[in-house]
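The values are calculated or read from the model by the stated rules, or taken from the named source; none is laboratory data. The model shown is predicted, which means the values in this text are computed figures rather than measured ones. Heads up, the Cβs are rebuilt from the backbone with ideal geometry, glycines too, and the neighbour counts pull from every protein chain shown.
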């Protein structure tokens, strides 16, 4: 069996995390199809795997608490690229993904505020 390296990470939202990694160009690992608790990607020449686990699954097999990333660094990644353009393209895709999520959250918050104001007007007259 050929040697490989697997990076295992806990994530709060598996669906959004999987969408993010697909958006920036990672390829799903066909040998380990995802399920409700995990997603698998191949990195580079397929000798490195990235596994994303929902936090409860990760805690179950690591038998440790999840690191508090507001208090310290959990992990630092370096991703190889052919040239500066490839780095820039990946960064743009990541930023666009973040902004599209932020816009959706802002829109949802606005809609919720409108519903709340509508109900307050009904209640308060």
Tell me the residue from 56, 70 that is closer than 24 Å to residue 99 by Cβ, surrounded by fewer than 11 Cβ atoms within 10 Å (Cβ to Cβ) and not assigned by TED's automatic domain parsing to the domain that holds residue 98, please.
70
Identify the residue in the stretch 17-50 that is farther than 24 Å from residue 86 by Cβ and modelled with pLDDT of 90 or more and, among all such residues, is surrounded by the fewest Cβ atoms within 10 Å (Cβ to Cβ).
37
Going through the stretch 41-59 in order, the residues found to be touching a strand residue (DSSP E or B) at 6+ places or on another chain (Cβ under 8 Å) and closer than 12 Å to residue 10 by Cα are 50, 51, 52, 53, 54, 55, 57, 58, 59
